[in-house]
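Trainee: Below are the C-alpha cells for one structure; questions will follow.
The values are calculated or read from the model by the stated rules, or taken from the named source; none is laboratory data. From a predicted model like this one, the values you see are computed outputs, not experimental measurements. Cβ: placed from backbone, ideal geometry, glycine included. Neighbour counts: every protein chain shown. The protein model used for the area step is the full one, side chains on, heavy atoms only, and it has no ligands, DNA or RNA in it. Shrake-Rupley method; radii C 1.70, N 1.55, O 1.52, S 1.80 Å.
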Amino acid sequence: MAKLILSLDGQTVREYLIDKERITIGRRPSNDIQIDNLAVSGEHAVITTILNDSFLEDMDSTNGTLVNGEPVKKHYLQNDDVIEIGKYRLTYFTGQAAAAPEAEPQDFERTMIIRSSPLAAKPAPVEEPVAASHASTQPVSRYEEVRTDEEEPAPAPAAAAVKPEENQPVAAIQILTGANAGKELELTKTLTSLGKPGVQVAVITRRPQGYFITHVQGESFPMVNGQTLDAQAHVLNDHDVIELAGIKMEFFFK
Amino acid sequence: MSLDRALEIVTVTHPGMVRSHNEDAVVADAARGFAVLADGMGGYNAGEVASGIAVNLISEGLRAGLDAGGRSQLDMGALLREQAVKANGVIYQTAQSQPQCAGMGTTLVMALFHDNRIFTAHVGDSRLYRLRGEELAQITRDHSLLQDQIDSGMITPEAARLSHNRNLVTRALGVDPQVEVALGEHEVRPGDIYLLCSDGLNDMVEDEDIRLTLTVMGPNLPLAAEQLIQMANDNGGRDNVSVILVKVVQDFAAPRNAWSRLLSWLGL
C-alpha cells in the first residue's frame, strides 16, 4: 500500500497509509492529516486514490502546495514525490519498489473488469448511439466530430514498453547508382520504405535482432548481393548491396 | 450484394511472448462486409470461452440478419447492438451457471460495412483505428478507467503512459445482465484502412509506428498485419495480440431500386 511520510526540517513526524479513497490535509482537526501550523489552510489539499493511482489537489489554499519544488493545482503522484505544505513535507511512496510497469508480475497486467467507474465523468459522446433516423443523404456528422478530437493531444496511452532497439547500432543506406547516387539515408525509424510506390516497394524493418528487408509490392522482388529474395524477410549484414527498381544501394552499420 | 471486391480483409491473432493461452478471438466476412474482435478475460481459461462465444454468436447473428433480405432497409446500428446484447446474455448466463466460467467477460469491437459507410460497435478497450491518406485516427474511445481519468482531467495523456491502471476496463460483455454498447457510424472512402485490435497491440506499439506500418505496408495487407504483431512481440509481447485489417478497395454504394430513385427524383 502507498504511504505518506510527514516530516519537518528533515525529522520524520508521522507516517500515514493511503488506505482510503480520499485523504484530506489541513490545519483543522477534521482532516485525516492534520498539520497544526498557521501557514497551512483549514482545508489545504486532498489526495484522491483510485486503485494504484493517487492524485493530489490543492483546495485553493492560501499559501499553495508544492510538489518537487513546483506549485501545483492538480498532480498525479509518482513514487518519491515530495509535497511541500508550509514548512512541512510529505513524501509519497507507492510501496511498489521500482514501480515500472514492465517489472510487475504478469498477473498484475491481466485485464480486469471494474463494475462502475469511480469517476462520475461520462466519456465524451463521440460515438454514443446514433439516431435511428439516419438518411443516407445526410452529411457525415460523426466523422467531423472525430476529426476535431484529433486536434487535441492524441489520447494515445501507447507503449510503456521499452524499445529494445534503442541500444542498437544505427545503420544506413547509401545509394550507389542513378540520379541520387551518393545520397545517404539513416535507418532511424522502425520502418523505412524503399522504391517507387505502385512499381516496386520494399521496407527495411528495424528489430531487436537486427535489420531486415521485406518485399511489399511489385512484380519483381528486391535482390541482395545479386540473389533475388522471396516473400520472407531477409536479414541484412554490413555492406550488403540491395538492388531495387533498377537502383543499387549499400547497407552498412555506422 | 457481395462486398468481396470492395473490401480486402486480413485477420491475425497471436498469444504474444508471455502468455500460454490466447484469449483473443477474431472473425471476418469480406462478402458480407463485417469484422468482429474480442479480448476475453477472467477465470482460469474462461477468457477464451467468453471471447469465443462472442465472435461465434455475433458472426452467426450478423450473417442471418444480413442474409434475411432487405439489406438496404436494415438499421445496421440496431443490428450490431442486438447481436452484442444477445452475446452478452449468453456469456452472462454461462458465467452464472458454470463454476469454471465464473467471472469471465470479454471486450468487443466490430465493424460492418454498408453503402459506403462503416457502422461500429464496441464495449471495453479493444479499438478501431482508421488510416486515411497518411493520417491515423482512433475512432473508438476506450471504456477504461484510464480513459475516464483522461476525460475528467485527472491525468494527462502523457502521464497515462505511466499509469498502473492500464488494464482496467469499465465495460465488458458477460459481466452484467445488461450491457451498454457504444455505436458509431462514419463515411468510408476508397483507400481507407481500418484496424481493429486488442490492447495487446496498442499497449505495446506506439500509434506512430502503427501509422507508419499501415502507410508503408498498406499495399500488402497480410504483410502489414504480420508486421504489427511482430512489433508488439519485439517490444515484449506481454499480452495476446490480435489485428483485423480492412482495406476499402473500391466504393460500395448500395444499389437503389426504381422506387427509391423515383422518390429521390421527386425530392422526397
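Trainee: Counting just the residues of segment A:241-254 that are in contact with a Pro (Cβ under 9 Å, 6 or more places away or on another chain) and closer than 14 Å to residue A:174 by Cα, which one comes out most open to solvent (accessible area, probe 1.4 Å)? Before the answer, list the steps.
Mentor: Just the residues of segment A:241-254 that are in contact with a Pro (Cβ under 9 Å, 6 or more places away or on another chain), to begin with: A:242-245, A:253-254.
Now restrict to residues that are closer than 14 Å to residue A:174 by Cα: A:242-244, A:253-254.
Values: A:242: 0, A:243: 59, A:244: 4, A:253: 74, A:254: 124 Å².
Residue satisfying both the conditions and the ranking: A:254.
Trainee: When you scan segment B:3-58, how many residues do you find that are surrounded by 22 or more Cβ atoms within 10 Å (Cβ to Cβ) and in a helix (DSSP H, G or I)?
Mentor: Number of matching residues: 9.
Trainee: Condition test on residue A:199, is it in contact (Cβ under 8 Å) with a residue 24 or more places away in the chain, under 19 Å from residue A:170 (Cα atoms) and touching a Gly at 6+ places or on another chain (Cβ under 8 Å)?
Mentor: Numbers: in contact (Cβ under 8 Å) with a residue 24 or more places away in the chain: yes; under 19 Å from residue A:170 (Cα atoms): no; touching a Gly at 6+ places or on another chain (Cβ under 8 Å): yes.
Taking the combined requirement at face value, the residue does not satisfy it.
Trainee: Please pick out the residue among B:64, B:84, B:102, B:31 that is without any contact (Cβ under 8 Å) to a residue 12 or more places away in the chain and of a type in the set (A, V, I, L, M).
Mentor: On the way: B:84 fails: without any contact (Cβ under 8 Å) to a residue 12 or more places away in the chain; B:102 fails: without any contact (Cβ under 8 Å) to a residue 12 or more places away in the chain; B:31 fails: without any contact (Cβ under 8 Å) to a residue 12 or more places away in the chain.
Answer to the selection: B:64.
Trainee: Do we find that residue B:169 is of a type in the set (A, V, I, L, M, F, W, C), in contact with a Gly (Cβ under 9 Å, 6 or more places away or on another chain), open to solvent by less than 10 Å² (accessible area, probe 1.4 Å) and at pLDDT below 95 in this structure? Quick ask: steps written out before the conclusion?
Mentor: Numbers: of a type in the set (A, V, I, L, M, F, W, C): yes; in contact with a Gly (Cβ under 9 Å, 6 or more places away or on another chain): yes; open to solvent by less than 10 Å² (accessible area, probe 1.4 Å): yes; at pLDDT below 95: yes.
In short, yes.
Trainee: Given (1) more than 30 Å from residue A:56 (Cα to Cα); (2) in contact (Cβ under 8 Å) with a residue 24 or more places away in the chain; (3) touching a His at 6+ places or on another chain (Cβ under 9 Å), where does residue B:75 come up short, assuming only one miss?
Mentor: Here residue B:75 clears every test but (2).
Trainee: Also: Every residue in segment A:76-92 that is modelled with pLDDT under 90 and in a strand (DSSP E or B), please.
Mentor: Within segment A:76-92, just A:76 meets the criteria.
Trainee: Residue A:244 is checked against (1) more than 30 Å from the chain's Cα centre (by Cα); (2) within 21 Å of residue B:219 (Cβ to Cβ); (3) modelled with pLDDT of 95 or more and fails just one. What number does that condition carry?
Mentor: Unmet condition: (3).
Trainee: Hey, among the residues in segment A:36-70 that are under 25 Å from residue A:95 (Cβ atoms) and small (Gly, Ala, Ser), which one's surrounded by the most Cβ atoms within 10 Å (Cβ to Cβ)?
Mentor: Per the criteria, the residue is A:45.
Trainee: Go through segment B:133-148 residue by residue and tally those that are within 7 Å of chain A (Cβ to nearest Cβ) and either within 13 Å of residue A:75 (Cα to Cα) or of a type in the set (A, V, I, L, M) (or both).
Mentor: 4
Trainee: What number of residues in segment A:219-240 are in contact with a strand residue (DSSP E or B) (Cβ under 7 Å, 6 or more places away or on another chain) and farther than 27 Å from residue B:232 by Cα? Step through it out loud before you land on a result.
Mentor: First, pick out the residues of segment A:219-240 that are in contact with a strand residue (DSSP E or B) (Cβ under 7 Å, 6 or more places away or on another chain): A:220-225, A:229, A:231, A:233-236, A:238-240.
So of that shortlist, the ones also farther than 27 Å from residue B:232 by Cα come out as A:220, A:223-225, A:239-240.
Summing the residues that are in contact with a strand residue (DSSP E or B) (Cβ under 7 Å, 6 or more places away or on another chain) and farther than 27 Å from residue B:232 by Cα in segment A:219-240 gives 6.
Trainee: If you check B:117, B:161, B:189, which single one turns out to be basic (Lys, Arg) and within 26 Å of residue B:14 (Cβ to Cβ)?
Mentor: Numbers: B:117 fails: within 26 Å of residue B:14 (Cβ to Cβ); B:189 fails: within 26 Å of residue B:14 (Cβ to Cβ).
The match here is B:161.
Trainee: Given (1) modelled with pLDDT of 95 or more; (2) open to solvent by 10 Å² or more (accessible area, probe 1.4 Å), where does residue B:97 come up short, assuming only one miss?
Mentor: Condition (1) is where residue B:97 drops out.
Trainee: Please indicate, with yes or no, whether at least one residue in segment B:167-174 is closer than 27 Å to residue B:86 by Cβ, within 7 Å of chain A (Cβ to nearest Cβ) and of a type in the set (Ser, Thr, Tyr).
Mentor: yes
Trainee: Now a separate question. Could you count how many residues in segment B:92-145 are among the acidic types (Asp, Glu) and on the phi > 0 side of the Ramachandran plot? Please lay out each step first, then the result.
Mentor: Residues of segment B:92-145 among the acidic types (Asp, Glu): B:115, B:125, B:134-135, B:142.
After this cut, where a residue has to be on the phi > 0 side of the Ramachandran plot as well, the list is B:115.
Final tally of qualifying residues: 1.
Trainee: Has segment B:195-203 got at least one residue that is open to solvent by 10 Å² or more (accessible area, probe 1.4 Å) and within 9 Å of chain A (Cβ to nearest Cβ)?
Mentor: Of segment B:195-203, the ones open to solvent by 10 Å² or more (accessible area, probe 1.4 Å) are B:203.
Adding the requirement that they be within 9 Å of chain A (Cβ to nearest Cβ) leaves B:203.
Yes: one or more hits.
Trainee: What number of residues within segment B:177-194 satisfy the criterion of being surrounded by 20 or more Cβ atoms within 10 Å (Cβ to Cβ) and either in a helix (DSSP H, G or I) or more than 7 Å from chain A (Cβ to nearest Cβ) (or both)? Give the derivation first.
Mentor: At the first step, the residues of segment B:177-194 found to be surrounded by 20 or more Cβ atoms within 10 Å (Cβ to Cβ) are B:179, B:181-182, B:184-186, B:188, B:193-194.
Now narrow it down to the ones that are either in a helix (DSSP H, G or I) or more than 7 Å from chain A (Cβ to nearest Cβ) (or both): B:179, B:181, B:188, B:193-194.
Looking only at that region, the number is 5.
Trainee: Filter segment B:170-202 down to the residues that are in contact with a helix residue (DSSP H, G or I) (Cβ under 8 Å, 6 or more places away or on another chain) and within 20 Å of residue B:242 (Cα to Cα) and list them by number.
Mentor: In the first step, residues of segment B:170-202 are kept if they are in contact with a helix residue (DSSP H, G or I) (Cβ under 8 Å, 6 or more places away or on another chain); the result is B:170, B:173-179, B:181-187, B:193, B:195, B:197, B:200-202.
Correct list: B:173, B:193, B:195, B:197, B:200, B:201, B:202.
Trainee: Consider residue B:118 carefully, then state whether it is within 24 Å of residue B:253 (Cα to Cα) and without any contact (Cβ under 8 Å) to a residue 60 or more places away in the chain. Even if it seems obvious, please write down each step before you answer.
Mentor: Numbers: within 24 Å of residue B:253 (Cα to Cα): yes; without any contact (Cβ under 8 Å) to a residue 60 or more places away in the chain: no.
When the stated conditions are applied, residue B:118 does not pass them.
Trainee: What strands (runs of 3 or more DSSP E) completely inside segment A:180-240 contain at least 3 residues that are open to solvent by 60 Å² or more (accessible area, probe 1.4 Å)? Quick ask: steps written out before the conclusion?
Mentor: Numbers: elements: A:184-186, A:191-196, A:200-207, A:210-217.
Correct list: A:184-186.
Trainee: Does residue A:210 qualify as being within 13 Å of chain B (Cβ to nearest Cβ), of a type outside the set (A, V, I, L, M, F, W, C) and within 17 Å of residue B:215 (Cα to Cα)? Explain how you work it out, then say what you get.
Mentor: On the way: within 13 Å of chain B (Cβ to nearest Cβ): yes; of a type outside the set (A, V, I, L, M, F, W, C): yes; within 17 Å of residue B:215 (Cα to Cα): no.
No; evaluated as a whole, the condition is false for this residue.
Trainee: Related question: Being crowded, with 23+ Cβ neighbours inside 10 Å and within 9 Å of another protein chain (Cβ to nearest Cβ) is the filter; apply it to segment B:204-221 and report the residue that is farthest from residue B:6 (Cα to Cα). I'd like the intermediate steps shown before the answer.
Mentor: Residues of segment B:204-221 that are crowded, with 23+ Cβ neighbours inside 10 Å, as a first pass: B:204-205, B:210, B:213-214, B:216-217.
Still in the list and also within 9 Å of another protein chain (Cβ to nearest Cβ): B:204-205, B:210, B:213, B:216-217.
On the way: B:204: 31, B:205: 29, B:210: 23, B:213: 22, B:216: 21, B:217: 19 Å.
Only one residue fits best here, namely B:204.
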